[in-house]
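A quick write-up on the structure given underneath.
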Amino acid sequence: MQDILDPEACTTMAEVRAGVDAVDRALVALLARRFGYMDAAARIKPERGQVRDEARKAQVIANARAHAEAAGIPETSVAEIWELLIEASIAYELEAFDRR
């Protein structure tokens, strides 16, 4: 995120918006990488029924909640975002599994 100010250095809304846009681009790149792992999981798992793993889902959400707490950001909001992310990942992985 070159030439993007840290949040505490921003003095204008243009700087804030540029920072948010840069973070959003980075998040989408990270999501693309995460979905790549869903492709790998669909390739590796021998049975479609193994795609949904509620114990793993709970663990991932708990991890995200703990990371949010450590970062000082709203844990509940992060957990809700991760719930949506995981469900989207499961749907994507099921589609990937069905394509193979």
Inset, instruction - Could you list, in sequence order, all residues of segment 89-100 that are exposed (fewer than 14 other Cβ atoms within 10 Å of the Cβ) and part of a helix (DSSP H, G or I)? - result: A91, E95, D98, R99
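Output the residues belonging to segment 1-20 that are open to solvent by less than 80 Å² (accessible area, probe 1.4 Å) and among the charged types (D, E, K, R). Break it down into steps so the answer makes sense when it comes.
First, the residues of segment 1-20 that are open to solvent by less than 80 Å² (accessible area, probe 1.4 Å): 4-5, 9-10, 12, 14-16, 18-20.
Result: E15, single match.
Which residues, taken from segment 72-88, are part of a helix (DSSP H, G or I), β-branched (V, I, T) and open to solvent by 50 Å² or more (accessible area, probe 1.4 Å)? Quick ask: steps written out before the conclusion?
Residues of segment 72-88 part of a helix (DSSP H, G or I): 75-88.
From the residues that got through so far, the ones that are β-branched (V, I, T) too are 76, 78, 81, 86.
Residues satisfying the conditions are T76, I81.
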Inset, instruction - Report, ordered by the first and then the second residue, all pairs with beta carbons closer than 7 Å, sequence separation of six or more or different chains, a first member in segment 67-90 that is closer than 29 Å to A42 by Cα and of a type in the set (D, E, K, R), and a second member that is assigned to a helix (DSSP H, G or I) and open to solvent by less than 60 Å² (accessible area, probe 1.4 Å). - result: E83/I61
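Going residue by residue through segment 53-71, is there one that turns out to be farther than 29 Å from E93 by Cα and either open to solvent by 60 Å² or more (accessible area, probe 1.4 Å) or within 15 Å of the chain's Cα centre (by Cα) (or both)? It would help to see each step written out before you state the result.
Looking only at segment 53-71, we keep the residues that are farther than 29 Å from E93 by Cα, and these are 70-71.
Pick out the ones that are also either open to solvent by 60 Å² or more (accessible area, probe 1.4 Å) or within 15 Å of the chain's Cα centre (by Cα) (or both) and you get 70-71.
Yes; the residues of segment 53-71 include at least one that is farther than 29 Å from E93 by Cα and either open to solvent by 60 Å² or more (accessible area, probe 1.4 Å) or within 15 Å of the chain's Cα centre (by Cα) (or both).
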Legend entry - Which numbered condition Q50 misses (of (1) within 17 Å of E93 (Cα to Cα); (2) surrounded by 11 or more Cβ atoms within 10 Å (Cβ to Cβ); (3) under 17 Å from the mean Cα position of the chain (by Cα)): (3)
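The values are calculated or read from the model by the stated rules, or taken from the named source; none is laboratory data. Not measured: the values here are computed from a predicted model. Cβ: placed from backbone, ideal geometry, glycine included. Neighbour counts: every protein chain shown. SASA here: full protein model, heavy atoms, side chains in, ligands and nucleic acids out. Shrake-Rupley method; radii C 1.70, N 1.55, O 1.52, S 1.80 Å.
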